[in-house]
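> The structure's right below; bear with me while I get my questions together.
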Amino acid sequence: MSGYRKIIHIDMDAFYASVEQRDNPELKGKPVIIGGRAEDRGVLATASYEARKFGLRSAMSTARAFKLCPEVILLRPDFAKYKAISAQIYEIYKEFTDIIEPLSLDECYLDVTENKKGMTSATEMAVRMKEMIKERLDLTASAGVSVNKLLAKLASEQRKPDGIFVIKPEQIKSFIFTLPVKELYGVGRSALKRLELMGIKTCGDLQQYSMVELIKLFGSFGETLYYFARGYDDRPVVSEHEVKSIGSEHTLPIDSGSLKIIKDLLYEELKIVVARLKSAGLKARTVTVKVKYADFVSSTRSKSLPEYTDEFVYLFEICLALLAKTEVPQKKIRLIGASLSNFEREPQQPELNFFD
Ligand code: DCP
Ligand code: MG
């Protein structure tokens, strides 16, 4: 058992521009931009890879784009079309898992640790998704594969366009060590400025600082920085209908490696969660177990069930199966929690029929 999650981040290449190039062969191989008119002070939504060679980028003003590349072809966006294509892309992902967190029309995270295809290699799954997107939609995507969201997203940027990049557990240390801190999720302009003033350029530089020091400097984001600088990230992949989740967790007075104690605690936490689920009149389809090991590294394991449920006994069984996928009891833990998400949506209001 590897104990690692399998996370994919997948992102379409120059999405709006690629769609327009696909649908109008005359645009293929040419610098194309999608955006507002220069005379309306418009900006670019995106630029084809041919246009990027001239330095054209999203959010750049259209006026500047024409200065850098006078022959560029400007098209207005057709959002309805992109939305429809996006839905087709997500249909492909749904053949693999329901644990999908969309970031935009063209970009999402997938947790394929457990998946509908019964496949074990996340890399093979990502390759297959890319093939299906090409076959069904004649578009290309780039994918990143790793053990968490932070690394999967960083990976997907490495081989754009039409690429795939994998960061295996044993490669995390060397990958992250040289990574510029500005690439870390959440490091905005102001944090970057402070890091630069401290002489911190890479995650390796950042690793020199203790968690306490980073919290002093950056508040609660300091803790996140401490973990991210080491390639740790326990954020679960939260699917669209999971925006709301019900969870409960318990910090042990002393770290424990006793399976009996841990299972009892999990039982108690799930009892609280299911009671809240029932009192909210909801049923859930995704179960997540979270543990934090004695070394403060957290780990989550999720499973999506075939049906919505609020049955305690069944849910506890799933929790135990998920617990078995963690490094408990080989590693002691300091915290255990359970959460339920992916709720059944409220039943639709019956439509009023005035002719009844
Ligand atoms: N988009 C936008 N305004 C931005 C950024 C993006 O309207 N500032 C739109 C246009 C893009 C789509 O969202 O086609 C996806 O955004 P990405 O950041 O993924 O960019 P692309 O898919 O265009 O290019 P890449 O190949 O770098 O992913
Ligand atoms: Mg994209």
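The values are calculated or read from the model by the stated rules, or taken from the named source; none is laboratory data. Just so it is clear, the model here is predicted, and its values are computed rather than measured. In this analysis, Cβ positions are derived from the backbone assuming ideal geometry, glycine residues included, and neighbour counts consider all displayed protein chains. Heads up: the accessible areas ignore ligands, DNA and RNA and are worked out on the full protein's heavy atoms, side chains in. Shrake-Rupley method; radii C 1.70, N 1.55, O 1.52, S 1.80 Å.
> Regarding the stretch 24-146, what is the average projected area of its C-alpha convex hull, in nm²?
Values: hull surface 34.3 nm².
That works out to 8.6 nm², a quarter of the Cα hull's surface.
> Moving on to the next point. For a test of the definition: using alpha carbon positions, the gyration tensor, and the 1.5 limit on a/c, classify the stretch 21-87 as rounded, prolate or oblate.
On the way: a/c = 1.99, a/b = 1.32, b/c = 1.51.
In terms of gyration-tensor shape, oblate.
> For the chain, give me the percentage of DSSP beta bridges that are antiparallel, rounded to the nearest 5 percent.
Numbers: 45 of 51 bridges.
Antiparallel bridges make up about 90 percent of those DSSP assigns within the chain.
> Now for a different question. Taking the Cα centre of the stretch 34-193 as origin, sum charge times position over the Cβ atoms of Lys and Arg (+1) and Asp and Glu (-1), and report the length of that vector in debye to the nearest 20.
Values: 26 positive and 21 negative charges, 136 e Å.
Using Cβ point charges on Lys, Arg, Asp and Glu, the stretch 34-193 gives about 660 debye.
> Given a 1.4 angstrom probe, what's the average accessible area per residue across the chain, in square angstrom?
52 Å²
> So what's the back-of-envelope 222 nm ellipticity for the chain, counting only DSSP H runs of four-plus at -39500 (n - 2.57) apiece and dividing by all residues, rounded to 500? Write out the running numbers ahead of the final one.
Numbers: 13 runs with 128 residues, N = 356.
Calculated from helices alone, the mean residue ellipticity at 222 nm is -10500 deg cm²/dmol.
> Rank-order 303-312, 224-233, 261-270 by packing density, defined as the average count of other C-beta atoms within 10 Å over each peptide's residues, highest first.
Numbers: 303-312: 15.0, 224-233: 21.1, 261-270: 17.9.
Packing proxy ranking, top to bottom: 224-233, 261-270, 303-312.
> Would you grab the residues whose amide H sits under 5 Å from the one on residue 333? Only those 5+ places off in sequence or on another chain, please, with H modelled 1.01 Å from N.
256, 257, 294
> Hey, any idea what Rg/Rh is for the chain, computing Rh the Kirkwood way over Cα pairs?
Values: Rg = 23.2 Å, Rh = 22.7 Å.
That ratio equals 1.02.
> Something else about it: Looking only at the stretch 321-346, which residues have a backbone nitrogen under 14 Å from a spot 7 Å from the Cα of residue 223 in the C-beta direction?
Counting backbone N atoms under 14 Å from the label point, the list is 334-336.
> Could you tell me the ratio Rg/Rh of the stretch 250-311? Both radii from Cα atoms, Rh via Kirkwood.
A ratio of 1.02.
> Shifting gears a bit: How far is the Cα center of the stretch 30-68 from the Cα center of the stretch 15-29, in Å?
15 Å
> Moving to a separate point now. Pull out the extension gain between residue 327 and residue 40, defined as 0.36 nm times the separation in residues minus the alpha carbon to alpha carbon distance; nm, one decimal. Let's see the in-between values first.
Numbers: separation 287, 0.36 × 287 = 103.32 nm, distance 5.74 nm.
Using 0.36 nm per residue and subtracting the Cα-Cα distance, I get 97.6 nm.
> Once phi is turned into ³J(HN,Hα) by the Karplus curve 6.51 cos²θ - 1.76 cosθ + 1.60 with θ = phi - 60°, what whole-Hz value does each residue of the stretch 28-35 show in order, with x for glycine and proline?
Values, residue by residue: 4, x, 10, x, 10, 10, 10, x Hz.
> While we're on this one: I'd like the FRET efficiency for residue 234 and residue 87, computed as 1/(1 + (r/R0)^6) with the beta carbon distance as r and R0 of 41 Å, rounded to 0.05. Walk me through the numbers on the way to the answer.
Numbers: r = 30 Å, r/R0 = 0.74.
Approximately 0.85, to the nearest 0.05.
> FRET efficiency for residue 197 and residue 104, Cβ-Cβ distance as r, R0 = 41 Å, nearest 0.05? Numbers along the way, then the final one.
Working: r = 33 Å, r/R0 = 0.80.
It comes to 0.80.
> Beta carbons within 10 angstrom, averaged per residue: use that to sort the peptides 9-19, 53-63, highest first.
Details: 9-19: 24.2, 53-63: 15.5.
Taking the mean over residues of other Cβ atoms within 10 Å, the ranking is 9-19, 53-63.
> Quickly work out the residue 94-to-residue 317 label distance, labels modelled 7 Å from Cα along the C-beta direction, and quote it in nm with one decimal.
2.7 nm
> May I pose another question? With an 8 Å cut-off on Cα pairs and a minimum separation of 6 or more residues, tell me the relative contact order of the chain in percent.
Values: 643 pairs, mean separation 52.2, N = 356.
This gives 15 percent for the chain.
> Report in % the part of the accessible area of the stretch 24-144 that belongs to carbon and sulfur, leaving out ligands and nucleic acids; probe 1.4 Å.
On the way: 3200 of 6000 Å².
Accessible surface attributable to carbon and sulfur in the stretch 24-144 totals 53 percent.
> Let me ask another. Is the shape of the stretch 126-270 best called rounded, prolate or oblate, per the rule: a/c under 1.5 gives rounded, else a/b larger than b/c gives prolate, else oblate, with a ≥ b ≥ c the square roots of the Cα gyration tensor eigenvalues? Display every interim value, and only then the final one.
Working: a/c = 2.06, a/b = 1.13, b/c = 1.82.
Oblate, since a/c reaches 1.5 and b/c is not below a/b.
> Note down the nm distance, to one decimal, between modelled labels 7 Å out along Cα→Cβ at residue 78 and at residue 267.
If labels sit at residue 78 and residue 267, their model points lie 6.1 nm apart.
> Roll a 1.4 angstrom probe over the protein heavy atoms and tell me the percent of accessible area of the stretch 191-252 that is carbon or sulfur. Please list the in-between numbers first.
Numbers: 1840 of 3450 Å².
That share works out to 53 percent.
> Output the relative contact order of the stretch 118-163, whole-number percent, from Cα pairs under 8 angstrom with separation of 6+ residues. Present the calculation step by step, with values, prior to reporting the outcome.
Working: 44 pairs, mean separation 13.3, N = 46.
After rounding, I find 29 percent.
> Same structure again: Anything over 23 Å Cα to Cα? Flag those among 193/290; 283/303; 28/182; 53/201; 130/173, in the order listed.
Details: 193/290 34 Å; 283/303 15 Å; 28/182 34 Å; 53/201 27 Å; 130/173 27 Å.
With Cα atoms farther than 23 Å apart: 193/290; 28/182; 53/201; 130/173.
> Ranking request for peptides 167-175, 331-339: highest mean number of other beta-carbon atoms within 10 Å first, then the rest in descending order.
Working: 167-175: 14.4, 331-339: 21.4.
The most tightly packed comes first, giving 331-339, 167-175.
> Could you give the length gained by full extension between residue 213 and residue 23, i.e. 0.36 nm per residue of separation minus their alpha carbon distance, to one decimal place? Display every interim value, and only then the final one.
Details: separation 190, 0.36 × 190 = 68.40 nm, distance 5.38 nm.
Gain in length upon complete extension: 63.0 nm.
> Using the crude model of +1 on Lys and Arg Cβ and -1 on Asp and Glu Cβ, and no other charge, please compute the dipole size for the stretch 147-223 relative to its Cα centre, in debye to 20.
Magnitude of the dipole: close to 160 debye.
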